[in-house]
1. If each residue's Cβ is checked for other Cβ atoms within 10 Å, how do C:His289, C:His21 rank with the fewest at the top?
2. Only Lys, Arg, Asp and Glu count, each charged at its Cβ (+1, +1, -1, -1), so figure out the dipole size of the stretch A:205-288 about its Cα centre, rounded to 20 debye.
3. Ordered by residue, what ³J(HN,Hα) values in Hz, to whole numbers, does the stretch B:39-48 give under the Karplus form 6.51 cos²θ - 1.76 cosθ + 1.60, where θ = phi - 60° and Gly and Pro are x?
4. Please compute, for peptide C:45-57, the average count of beta-carbon atoms on other protein chains lying within 10 Å of each residue's beta-carbon.
5. Using helices alone, I'd like the mean residue ellipticity at 222 nm for chain C: each DSSP H run of four-plus residues gives -39500 (n - 2.57), total over residue count, nearest 500.
6. How large is the charge dipole for chain C, taken about the Cα centre, if only the Cβ atoms of Lys, Arg (+1) and Asp, Glu (-1) carry charge, to the nearest 20 debye?
7. Cα atoms only: what Rg and Dmax, in Å, come out for the protein assembly as shown?
8. Filter the trypsin sites (Lys or Arg not before Pro) in the stretch D:10-118 down to the DSSP loop ones having no more than 16 other Cβ atoms within 10 Å, then list what survives.
4 protein chains.
Amino acid sequence: MTQQGTLGVAVIGTGRMGADHVRRIDEVVGGARVAAVVDIDGDRAKGIADRLDGATAYTDPAAAMDADDVDAVLIASPGPAHEAALLEALDRDLPVLCEKPLTPDAGSALRVLEAETRLGHRRVQVGFMRRYDAEYMRLKSLLDAGDFGRTLMLHCRHRNVSTPPGFTEQMMINDSVVHEIDATRWLLDQEITAVTVLKPTPSSAAPGALSDPQFVLFETSGGAVVDVEIFVNCGFGYQVRCEAVGERGTALIGDAHGLTVNAAGRWGGEIAPDFRQRFEEAYDREVRHWVDATRRGLVEGPSVWDGYAAAVVCEAGVRAQAAGTRVAVELPDRPSLYR
Amino acid sequence: MTQQGTLGVAVIGTGRMGADHVRRIDEVVGGARVAAVVDIDGDRAKGIADRLDGATAYTDPAAAMDADDVDAVLIASPGPAHEAALLEALDRDLPVLCEKPLTPDAGSALRVLEAETRLGHRRVQVGFMRRYDAEYMRLKSLLDAGDFGRTLMLHCRHRNVSTPPGFTEQMMINDSVVHEIDATRWLLDQEITAVTVLKPTPSSAAPGALSDPQFVLFETSGGAVVDVEIFVNCGFGYQVRCEAVGERGTALIGDAHGLTVNAAGRWGGEIAPDFRQRFEEAYDREVRHWVDATRRGLVEGPSVWDGYAAAVVCEAGVRAQAAGTRVAVELPDRPSLYR
Amino acid sequence: MTQQGTLGVAVIGTGRMGADHVRRIDEVVGGARVAAVVDIDGDRAKGIADRLDGATAYTDPAAAMDADDVDAVLIASPGPAHEAALLEALDRDLPVLCEKPLTPDAGSALRVLEAETRLGHRRVQVGFMRRYDAEYMRLKSLLDAGDFGRTLMLHCRHRNVSTPPGFTEQMMINDSVVHEIDATRWLLDQEITAVTVLKPTPSSAAPGALSDPQFVLFETSGGAVVDVEIFVNCGFGYQVRCEAVGERGTALIGDAHGLTVNAAGRWGGEIAPDFRQRFEEAYDREVRHWVDATRRGLVEGPSVWDGYAAAVVCEAGVRAQAAGTRVAVELPDRPSLYR
Amino acid sequence: MTQQGTLGVAVIGTGRMGADHVRRIDEVVGGARVAAVVDIDGDRAKGIADRLDGATAYTDPAAAMDADDVDAVLIASPGPAHEAALLEALDRDLPVLCEKPLTPDAGSALRVLEAETRLGHRRVQVGFMRRYDAEYMRLKSLLDAGDFGRTLMLHCRHRNVSTPPGFTEQMMINDSVVHEIDATRWLLDQEITAVTVLKPTPSSAAPGALSDPQFVLFETSGGAVVDVEIFVNCGFGYQVRCEAVGERGTALIGDAHGLTVNAAGRWGGEIAPDFRQRFEEAYDREVRHWVDATRRGLVEGPSVWDGYAAAVVCEAGVRAQAAGTRVAVELPDRPSLYR
């Protein structure tokens, strides 16, 4: 580590998420600094690095990881670039925070899993940031406390205003529902064993052939049933809700409203326009926890196993979308490293 | 009609619902009076009739219907007695309000349907009282106004504190979910075309072999998907919720809370213990509308077709419970009388 | 009483409230019928009576009260006509439901009080309908149960969309805040001992010289402090709220929202446009309770003493508006008839 | 500044607030580090400094301010020690974040005001952290946008579970209501011109002679009326609410609830037990903004004038408590430095 224990971070990828993480490490999170900015577009990397004290620009992730002042790696490049960067970081035994998805498919995720397993200790945290959202954290605490008994069902809503051009039906699972996949596994501490997808007649606001909304059902290893409304062109705002139904009570998150207004014949308030408003503090907390744990030599948070299991469930989900039937999820045994 | 246009009503059956309707007609609803009280237990009928001005006790429904001061019939006897009473009333061309279910099965419901169709005009209103609940009425108005576009999904919750002894899995469909069956058909103005039932690992509070809760899925003739959580031993209160998801907005009912309290480290309020508190005003409004319409010579509200369609869907639901698979619903064409 | 115990009611006054009560007795409330319709405009009275079975039109309240089929009187004429009608009804020992205000000033209210006191038993119920609102009733039950200890403060909000032409500053007290005056006395079971009125710089939406909103403070015989925001041109809707602050908890009413909507970037719902939507069921329940009690020979609900005390506090409130200082309320001892 | 622009902060005072700020600068806020820990208890200062990289312990604030690696000062010592530390910092032209109150009384606050005025530029930010609370910030934005017209009234609630031993009536104003004093001045951008205090009969839970709750009224230079319920032994939780009433709408903050539960016959959630839960993020944001602004050479946030004006209003409030009458607030003209 550098003097004062400040963590020198190489940020790989400077798209929307990467640039936001650079700002976060520079301004918001204590105990870390941006030591390297990596992008295949060297001018872009240099433009960002030049605005920071003591940051160097790179086009090659491996070169950045070899720099003396780089203590840890934050991967925010496009998904297909993740596997190579993860393997380079594991080769150097460097701590990593990898934006979700771990990798774009289960096969590549499995190779990362095997590399970390060979290394023999955890080095990678996957960026499922909902685990760091204050409401999800309270829900998790409540369920773990057991006052409501076993959790029997989760009812989830995931709504976006609209989709960008090129958004596909598969992306409804891989980019959107993947958050509910991880939330389900984490909240219940169970694996997902089957996926079914129902498709209502699409909204007329759905672009092209996109069958939007869809209604996704999970069955879990503990016998719970989870339903997810995924509606990515709902038009009115960004909403993520989860109601957990236990044996003796239910708990709902996602309806917190800070400012309530009466005006023009209506009461109510604004709905967040997108995920940045809704989960901004979760991202801050995620990176802060990662920095804190890394400075103490710990690896916490969502693991490579979590990233791999999500990829396997996503593949089953996409098959269920296409087939219109229930698709069972086949997971190998969980390696002892992740138990 | 009797003088002053007051409707003389024969109330058939004096169990909990029947006795409550006697009280309602006597005290709450204007324009009607209890002219006849009918129960196979003659002492019970007489005990109630004696407490009312001008009411006569009967043990035979047909005898009551023949009385001069009886203008209309309210059937609140046990389900298996409905068919006979309905056919007697239709024989006499008398207006009827029949508590749900119309009859206990689709076969007998069809016979009533055929009798009314032969009569050539509607005489029977079925007691699906949710259509008279203020919140459901507002939801129906909102959906019909079309501001939110087509309705794509309904998310329904139906929770009871606990079940009485002898409550069976079939009753979860026939006595409980039947309300969501009618609400779905009414809100969407579509028929239900298939039913699927998922069963989470049961709550430890579920008595005996009752698989409680269950998660019921409807598909409709217009391509909507409807999910119903039915949880009849939730322990904490009676809750009925419905969220309609349209193309441009959603609308939720069932969360109205009149009195909010801060005390002992918590904010919130009481949950209704059972359906009487939640739907008391809906029952009042239902009977008032029936009396008003009848006095004006009209028949409105849920029809025999609605009662028959609900019975057909219930039979499919019970088969879906047992089979664990999707069960298609087969309905004949809707007779012109009910279009 | 007439046959079947149906209460024959003379409705005096056929303005907006009177006509609504005629409809209520005819259609909504069981056990009563409109026997007489009284208005100084005889054509108007006849037009309404002719639409009802067995109702007779009158221009003179006393003549209506003398009719054989009139068992009780509902006074809904303009306030200045109340005293004469009340004294005629008390002369005949007839049960009365008198719309608020009892009379327009404390002097005339005292004369009615003395007349009923001379009669020696209660005959008059005053139309403070909030006591029959379901939320107020729950609040009253909660406070009376004592779980929150003594009630220390009430925070009240009373907002109207706008005022009709001719609405004066005095009417803000006499027509609007009078409801909070009665609610305070009823909820706390204490008398109001002083009134102070603060006037913020008026809203630019306030017509003419009307100083709107105002902030009214009551002190009570038990040492509670009550504040009322009265804002009669708030523009956005009709709202009546009350938060009771007890020693160990608080309870809020007036925020019940039955239908919650997500649309166009906002969550929320509609605000009632005026008092009819908000208190419609309270009016129904008020008249129903009056009819029920009257048929059983009882007099319940707000008494002439309540009407008189409200008038005395209103006079103090109007003086406090004008003086800008605290004005003490002087009430005589409560007669034993009203204890 | 030190290398990399990291701000070296001297934290003066290591009580509950000071220790929390040390943790905040060390772990939560980016761009700053604790360079000096100051406490009259030298062992305590050393114990804390030793746990930090590169922090030095001091017993004398001036000595810490003279250190080369100290760029800025955070004052969290007891109120009576503020004046001396502020004057030392102003002598050295060092940026300061001073916990509220600026000083314990208006006289000493005026001396600080004069010192900064002589210096000729702002150096001090006062710790009124509500201005950094997300809900208050949204409310301020809404009011400033002007959609609801001029703000006519604020209704404020400030409730604490209970008071520690030795809590006095004056502290209800100086320690608690002082937050509403600053919030009123900030939200309305007006000065407070008069204070009135009403005292209901105290709660039986109020210790000793403490007259709790109290109801405080402010009048402002723009003609607004502000009421504050201050109830410091409410027993049930910590609540801070503010409803702003504008000419065309109202806006309420303080009721945000993240997790809603149904259980045991009740719906609702937990109330924060104290201000740390409620305002934790406001403290984080406050210190982060101060660090960011200071690194850019700016002084923003609540000024010494704000601290002084709050002290003057507090003195008027305490006099109003004692006198039972309206007390006018006398403020000198605002120096040009603070316009």
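Rule-based calculations on the coordinates, nothing more; no lab input. Bear in mind the structure is a predicted one, so any value in this text is a computation, not a measurement. Positions of Cβ are generated from backbone atoms using ideal geometry, with glycine treated the same way; all protein chains shown enter the neighbour counts.
1. C:His289, C:His21
2. The dipole magnitude comes to about 200 debye.
3. For the stretch B:39-48, the Karplus-derived couplings read 8, 5, 8, x, 5, 5, 4, 5, x, 6 Hz, x marking Gly and Pro.
4. Taking the mean over all residues of the peptide, I get 1.
5. Roughly -10000 deg cm²/dmol at 222 nm, from the helical runs in chain C.
6. 680 debye
7. 35.4, 107
8. D:Arg51, D:Arg92
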